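Novice: Take this structure, written in C-alpha cells, and hold onto it; I'll ask about it next.
What follows draws every value from the coordinates through simple rules; no lab data is involved. A quick note: this is a predicted structure, and the numbers were derived from the prediction, not measured. Cβ: placed from backbone, ideal geometry, glycine included. Neighbour counts: every protein chain shown.
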Amino acid sequence: MKRVDDFRLKFGSREFVPIVIGGMGVDISTADLSLVAARLGGIGHISDAMLPTVSDRRYDTKYVRDKLKLYKYNVANPDKSEVQFDLALLAEATETHVRRTMERKQGDGLIFINCMEKLTMNGPKDTLRVRLRSALDAGIDGITLAAGLHLGSFALIEDHPRFHDAKLGIIVSSLRALQLFLKKSARTGRLPDFVVVEGPLAGGHLGFGMDWAKYDLAIITAEIRDWLVQQELDIPLIAAGGVFTGSDAVRHMENGAAAVQVATRFTVARECGLPEDVQQHYFLASEDDIEVNTISPTGYPMRMLKSSPAIGAGIRPNCEAYGYLLDAGGNCAYINAYNRELELHPDVKRLKVMDKTCLCTHMRNFDCWTCGHYTYRLKDTTHKRADGSYQLLDAEHVFKDYQFSTDNKVALPAQEDSATAPGEG
C-alpha cells in the first residue's frame with residue numbers, strides 16, 4: 001500500500017515531501033510550526049493576518065497601542081473611515097515577522113505566507129500591495145493567496161524583482177474561481193506555481209455558501225485536473241480540507257493532486273499558537289459541537305466550535321486598535337450589527353450580538369475557535385491523561401505520521417511521563 005512518502009511535489013527541478021501545513025491565523029500557524037515542515041522537507045505556512053498585532057506579541061513592538069492612541073478620539077464614532085493603517089509600519093511589521101522566520105529556517109523545505117484578500121484594512125488595494133511586497137522583500141519562499149478571488153493581486157507585484165522567483169499560488173474552491181483568476185492574471189505573463197483546491201470540510205472561512213455539504217473535494221479536484229489537462233497547463237494541485245490521515249492524502253494524490261494541505265491535526269501541536277486551554281476544547285469536541293455559521297463580517301461562512309466565546313459576544317468594535325476588516329469606506333458588518341443591538345437595548349450591561357462577531361478582537365484573543373470538520377477525531381490521535389485532559393503532540397510526529405502511515409491508521413505519540421504532565425509531579 002502506498003504512503004505519502006512515495007510521492008513528491010515538484011517545483012521545476014526541486015522535489016519536496018508533498019505535505020503542506022496550512023496558514024492558520026491569527027498566529028496559529030506560528031513560525032515554529034512552519035519551521036518544522038521546512039526542516040522535514042515539506043512546506044510550512046505562516047499567516048499574514050493581523051501581523052502588527054502578532055509583532056507586538058512576538059517581538060515586543062507597540063503597533064496596536066500606538067494606533068489606538070492615534071485614533072482614540074474616534075472610538076465612539078460609528079464612522080471608521082478616518083482609521084487608516086500606516087503603510088510604512090505595516091511593511092515594517094510584515095518584514096519583521098517574515099525575516100525573523102526565514103533567518104531560522106533549516107532543511108530543504110519551503111516556507112510560504114498565507115495572504116487573505118478579505119483583510120481589507122480600510123484600504124484594500126494599498127494594504128494588500130504592501131503586505132505582498134514586504135513579504136517578498138523579506139525573503140519569503142512563496143505566497144499563497146487566500147480568502148478572495150485575488151483578480152488583481154498578481155498585478156500588485158508584477159514589477160517586483162522576485163515576481164518570477166518566489167513561488168506564488170492561490171486557494172480556490174471551484175474551477176470557475178480558478179478560471180477567473182487565470183484570465184485576470186494573464187496579462188502579467190505569469191501562471192501560478194500551484195493551486196490549493198480547498199474543499200468544504202476545511203476549517204475557518206469556507207469558499208462555499210451554506211450549501212457547502214453538497215460539494216466534495218475529490219470531485220472538485222478532478223474537475224480542475226481535467227480542465228488543466230485540456231488547456232495543457234501543468235500547475236500542481238494541492239488538495240485541502242478534511243485530509244485527516246496519510247491514507248486520505250494518498251487517495252487525493254492518486255486522484256491527481258500533487259500534494260495535500262493539512263491543518264486541523266496541527267492545531268493541537270505544541271508548536272501551534274493556540275493556548276493549551278483552547279487546544280483542550282478541540283480535543284474534547286464531539287461532532288455535534290462543530291458548526292458552520294455566518295458570523296464572520298467577511299461574508300464567508302466559517303466552521304468553528306459552537307462553544308467559541310466569540311459567538312454572541314457583543315463587545316464594542318475595536319477598530320481603532322485593529323480594524324483589519326474595514327472595507328474601503330471604513331465599514332464593517334459587525335459595526336452595523338453592534339449599533340443595531342445597542343439602539344434596541346441601550347440599558348443592557350452585557351450586550352449580545354448573535355449574527356456577527358468582532359472577528360479582529362476575538363481572533364487576536366484566541367476566542368474564535370475555528371476548526372476543521374474532523375476536529376472531533378483529534379482525541380483519537382493522542383493519549384488521555386489521568387486528569388481527563390489530552391496530551392499535546394509534537395508537530396514532527398504529526399508530520400511524519402502523514403508521511404509514513406498506511407491503512408487509515410494514526411500513530412499515537414510516545415506517552416508522556418506522568419511527572420511531566422500538567423498538574424503532576
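Novice: Among the residues of region 125-141, are any small (Gly, Ala, Ser) and either more than 30 Å from Arg39 (Cα to Cα) or free of Cβ contacts under 8 Å to residues at least 24 places away in the same chain (or both)? Lay out the reasoning, then the answer.
Specialist: Taking region 125-141 as the starting set, the residues that turn out to be small (Gly, Ala, Ser) are 134-135, 138-139.
Going one step further and asking which of them are either more than 30 Å from Arg39 (Cα to Cα) or free of Cβ contacts under 8 Å to residues at least 24 places away in the same chain (or both), we end up with none.
No, region 125-141 has no match at all.
Novice: Okay, moving on. Touching a strand residue (DSSP E or B) at 6+ places or on another chain (Cβ under 6 Å) and among the basic types (Lys, Arg): which single residue out of Arg104, Arg39, Arg8 fits that description? Give the derivation first.
Specialist: On the way: Arg104 fails: touching a strand residue (DSSP E or B) at 6+ places or on another chain (Cβ under 6 Å); Arg39 fails: touching a strand residue (DSSP E or B) at 6+ places or on another chain (Cβ under 6 Å).
The conditions single out Arg8.
Residue-by-condition table, conditions (1) under 20 Å from the mean Cα position of the chain (by Cα); (2) surrounded by 22 or more Cβ atoms within 10 Å (Cβ to Cβ):
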site	(1), (2)
Gly25	yes, yes
Ser34	yes, yes
Met50	yes, yes
Asp60	no, no
Asp66	no, no
Lys69	no, no
Leu89	no, no
Met102	yes, no
Phe112	yes, yes
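Novice: A further question follows. What's the number of the only condition in (1) farther than 29 Å from Met1 by Cβ; (2) in contact with a helix residue (DSSP H, G or I) (Cβ under 6 Å, 6 or more places away or on another chain); (3) part of a loop (DSSP other than H, G, I, E, B) that Phe244 fails to meet?
Specialist: With (1) farther than 29 Å from Met1 by Cβ; (2) in contact with a helix residue (DSSP H, G or I) (Cβ under 6 Å, 6 or more places away or on another chain); (3) part of a loop (DSSP other than H, G, I, E, B) applied to Phe244, the lone miss is (1).
Novice: Next question, about the same structure. Could you check region 142-173 and list, in sequence order, the residues that are closer than 14 Å to Asp48 by Cα and of a type outside the set (Ser, Thr, Tyr)? Walk me through it before giving the result.
Specialist: Taking region 142-173 and keeping what is closer than 14 Å to Asp48 by Cα, we get 142-147.
Residues satisfying the conditions are Gly142, Ile143, Leu145, Ala146, Ala147.
Novice: Would a scan of region 333-343 turn up a residue that is under 24 Å from the mean Cα position of the chain (by Cα) and over 18 Å from Lys72 (Cα atoms)?
Specialist: The answer is yes, given that some residue of region 333-343 is under 24 Å from the mean Cα position of the chain (by Cα) and over 18 Å from Lys72 (Cα atoms).
Novice: As an exercise: evaluate Ala147 against (1) free of Cβ contacts under 8 Å to residues at least 12 places away in the same chain; (2) within 17 Å of His45 (Cβ to Cβ); (3) of a type in the set (Gly, Ala, Ser) and give the number of the one condition it does not meet.
Specialist: That leaves (1) as the condition not met.
Novice: Can you name the condition, by its number, that Met210 falls short on among (1) assigned to a loop (DSSP other than H, G, I, E, B); (2) crowded, with 23+ Cβ neighbours inside 10 Å; (3) in contact with a Pro (Cβ under 9 Å, 6 or more places away or on another chain)?
Specialist: (2)
Novice: While we're on this one: When Asp347 is evaluated against the numbered criteria (1) surrounded by fewer than 19 Cβ atoms within 10 Å (Cβ to Cβ); (2) touching a Cys at 6+ places or on another chain (Cβ under 8 Å), which criterion, by number, is the only one it fails?
Specialist: (2)
Novice: Here's a follow-up. Is it true that Leu168 is without any contact (Cβ under 8 Å) to a residue 60 or more places away in the chain, surrounded by 18 or more Cβ atoms within 10 Å (Cβ to Cβ) and within 20 Å of Ile19 (Cα to Cα)? Before you say what the answer is, go through the steps one by one.
Specialist: Numbers: without any contact (Cβ under 8 Å) to a residue 60 or more places away in the chain: yes; surrounded by 18 or more Cβ atoms within 10 Å (Cβ to Cβ): yes; within 20 Å of Ile19 (Cα to Cα): yes.
For Leu168, the condition - without any contact (Cβ under 8 Å) to a residue 60 or more places away in the chain, surrounded by 18 or more Cβ atoms within 10 Å (Cβ to Cβ) and within 20 Å of Ile19 (Cα to Cα) - is met.
Novice: Please specify each residue of region 218-248 satisfying the condition of being over 16 Å from Phe181 (Cβ atoms), crowded, with 21+ Cβ neighbours inside 10 Å and in contact with a Ser or Thr (Cβ under 8 Å, 6 or more places away or on another chain). Before you say what the answer is, go through the steps one by one.
Specialist: Residues of region 218-248 over 16 Å from Phe181 (Cβ atoms): 218-219, 221-222, 225-226, 229-230, 232, 234, 239-248.
Right, trim to crowded, with 21+ Cβ neighbours inside 10 Å and you get 221, 239-246.
Ala239, Phe244, Thr245, Gly246, listed by residue number.
Novice: Within the bounds of region 113-124, is there any residue that is of a type in the set (A, V, I, L, M) and more than 27 Å from Gly42 (Cβ to Cβ)?
Specialist: Here is the first cut: in region 113-124, the residues of a type in the set (A, V, I, L, M) are 113, 116, 119, 121.
If we keep only those that are more than 27 Å from Gly42 (Cβ to Cβ) as well, we get 121.
Yes, because at least one residue in region 113-124 is of a type in the set (A, V, I, L, M) and more than 27 Å from Gly42 (Cβ to Cβ).
Novice: Could you count how many residues in region 263-277 are in contact with a strand residue (DSSP E or B) (Cβ under 9 Å, 6 or more places away or on another chain), among the aliphatic types (A, V, I, L, M) and over 13 Å from Gly372 (Cα atoms)?
Specialist: 1
Novice: Sticking with this structure for a sec: Can you tell me which residues in region 1-31 are of a type in the set (D, E, K, R) and assigned to a strand (DSSP E or B)? Give the steps one after another, and end with the answer.
Specialist: Of the residues in region 1-31, the ones of a type in the set (D, E, K, R) are 2-3, 5-6, 8, 10, 14-15, 27.
Lys10, Arg14, Glu15, listed by residue number.
Novice: Please find, among Ile113, Ile171, the residue that is of a type in the set (A, V, I, L, M), within 23 Å of Gln231 (Cα to Cα) and in a strand (DSSP E or B). Step through it out loud before you land on a result.
Specialist: Numbers: Ile113 fails: within 23 Å of Gln231 (Cα to Cα).
Unique residue meeting the criteria: Ile171.
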